[in-house]
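Reviewing the structure listed below.
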Amino acid sequence: MKLRLFWTMLLAFALVIVLSVCGMLGFIGLGLSGQWQPQALRENAAQFQHAYVLSLGDFYLANGESWGGIEQRFDALSFGGPNSMFGSALADTNGRVVASNDRNFPLGLEVSVSQLERGIPIEAHGMRVGTLLLRAGMRNLPDPPVVPPLAPRTTRDIVWTITRSFLVAALSLAGALLLLAVVFAQRISRPLRRLTAAARQLATGQLDVHVAPARIREVDELTEAFNGMAQSLAAADRQRRQMTADIAHELRTPLTIIKGRLEGLQDGVYSATPAELDRLLGETALLERLIEDLRLLALADAGQLPLYREVIDPHDLLEGARSAFAGQAAMQQIALQVDLPDNLPQIDVDPQRLAQVLANLVSNALRYTPEGGRITLGAIDRAAGGSLPPAGNGRLPAADRIVLTVSDTGPGIPAAELPNIFERFYRADRSRARSSGGTGLGLAIARQIVVAHGGTIWADSIEGQGTTFSIALPLALESVPA
């Protein structure tokens, strides 16, 4: 489970607060309980305990060597020094409590030998006449050191000693908190440093860089995004290299043919006949078309493809495509027809660009449809509730779209090839020659033109039955129902 950065920082601050409070309270508690005390406190407490025991011995002697009446005076004689918050009790020589201000030592309680041993003996005439019992946690401090009368310990000395002790405690706590802060900071900074190093490697062209996952959720999401970006850049670089190689190959083929023919004419191998000149013009036209297609794709990639939109009737657009290829279809004995519903809404498109798309689709259909086959140009009005054909693969364009279709009865496209047919220089049939198969950029250009119109294009195919290309385009504004 990966913690979010917010909760990690909140937990860190909470631990700092809790450890600070608990640490200071612990040091204070240890000091007051006698488990840990500065030297000044210990000396002061020892002096007070010694004086208190002497006063109890004086009371015993003044009271006729008896503890009678001590219970009325015990509270007044009880600790008033640094340990005044702790209770105490007085036991006689028999170990029976005769005075107490501590509920743990009620009057009349028989104190055990071990408790008497931990108490402070009270002596008179060199004999033990009682024991001062202290609550558990306080210690029987040794006799105070003899302090020269000319150099008494002042309040300032005591305060400085206490302050110094708490400074040591504070520095120890600060060291622990600093160590904790280092641990949390490393959990955040280490993956960020890895990301920075990877970004620098990426900037130098090392696109296969990968950053390991982090434990902080936000940093881990940033790492995943960075790895995805690196993979996308690597894929784009591979595609760019492949496309550059394809472009070089496509340009070299017609140039090689033209150069060979011209050298043959120069050497007298070929004659400058009309047929030979037609071959040269054909290769030149192919080269010119390839260059124009590349220029068009470059404009589309840069978002600078010019569109001259007009509101037109889809019937006119499809009928124009049919008329342009009617002669070729008749020569190949292929039925080329337009099948449209009535009252189609108008669309706002660039007629020449859309005619280019339809021309590419129809020419591809004529290339693959066998003699006696059929090519149908159609349209589906989604605004009127028109449904897609069964080969629609579940695609359902929005209701404010019209779908133009080009269907043929050719051999179809294998399902494994369908996702790639709109890629540049891609051919499902790799055995076709460039002279008969075009430049390999037609469908890529068609997709870019349709996308520039705000539409989508896709293909559905069933092997052995045919292929349908669909183009979903937005309606003209005046055709959209209010």
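Things to note:
- Residue match in region 226-236 (condition: among the aromatic types (Phe, Trp, Tyr) and over 30 Å from Leu11 (Cα atoms)): no
- Hits in region 250-278 (condition: acidic (Asp, Glu) and in contact with a Gly (Cβ under 8 Å, 6 or more places away or on another chain)): Glu250
- The single residue among Asp267, Asp293 that is of a type outside the set (A, V, I, L, M) and open to solvent by 40 Å² or more (accessible area, probe 1.4 Å) turns out to be Asp267.
- Qualifying residues in region 87-137 (those that are in contact (Cβ under 8 Å) with a residue 24 or more places away in the chain and of a type in the set (Lys, Arg)) - the one farthest from Leu56 (Cα to Cα): Arg135
- Among the candidates Leu107, Leu171, residue that is more than 21 Å from His50 (Cβ to Cβ), among the aliphatic types (A, V, I, L, M), at pLDDT 85 or above and surrounded by fewer than 14 Cβ atoms within 10 Å (Cβ to Cβ): Leu107
- Flag for Leu377 being in a strand (DSSP E or B), closer than 27 Å to Ala452 by Cα and under 50 Å from the mean Cα position of the chain (by Cα): yes
- In region 453-482, the residue that is surrounded by the most Cβ atoms within 10 Å (Cβ to Cβ) out of those that are closer than 15 Å to Ile347 by Cα, at pLDDT 90 or above and of a type in the set (A, V, I, L, M, F, W, C) is Ile471.
- The sole residue among Thr253, Thr244 that is hydroxyl-bearing (Ser, Thr, Tyr), without any contact (Cβ under 8 Å) to a residue 40 or more places away in the chain and not in a loop (DSSP other than H, G, I, E, B) is Thr244.
- Number of the exception - Leu41 against (1) modelled with pLDDT of 70 or more; (2) closer than 21 Å to Arg164 by Cα: (1)
- Residues satisfying the stated conditions in region 333-349, i.e. without any contact (Cβ under 8 Å) to a residue 60 or more places away in the chain and either open to solvent by less than 60 Å² (accessible area, probe 1.4 Å) or under 18 Å from Val403 (Cβ atoms) (or both): Ile334, Ala335, Leu336, Gln337, Val338, Asp339, Leu340, Pro341, Asp342, Asn343, Leu344
- Subset of region 308-332 that is touching a residue at least 12 places away in the same chain (Cβ under 8 Å) and among the aliphatic types (A, V, I, L, M) - its residue that is surrounded by the fewest Cβ atoms within 10 Å (Cβ to Cβ): Val311
- Leu251 vs. criteria surrounded by 15 or more Cβ atoms within 10 Å (Cβ to Cβ) and either more than 30 Å from Ala198 (Cβ to Cβ) or touching a His at 6+ places or on another chain (Cβ under 7 Å) (or both): no
- Of all the numbered requirements in (1) outside any helix (DSSP H, G or I); (2) open to solvent by 60 Å² or more (accessible area, probe 1.4 Å); (3) of a type outside the set (Ser, Thr, Tyr); (4) at pLDDT below 85, Leu305 misses one, and that requirement is (2).
The values are calculated or read from the model by the stated rules, or taken from the named source; none is laboratory data. Here the structure is a predicted model, which means the values were calculated and not measured. Quick reminder, even Gly has a Cβ in these numbers, built from the backbone with ideal geometry, and neighbours come from all protein chains shown. Accessible surface is based on the protein model in full, side chains and every heavy atom, while ligands, DNA and RNA are left aside. Shrake-Rupley method; radii C 1.70, N 1.55, O 1.52, S 1.80 Å.
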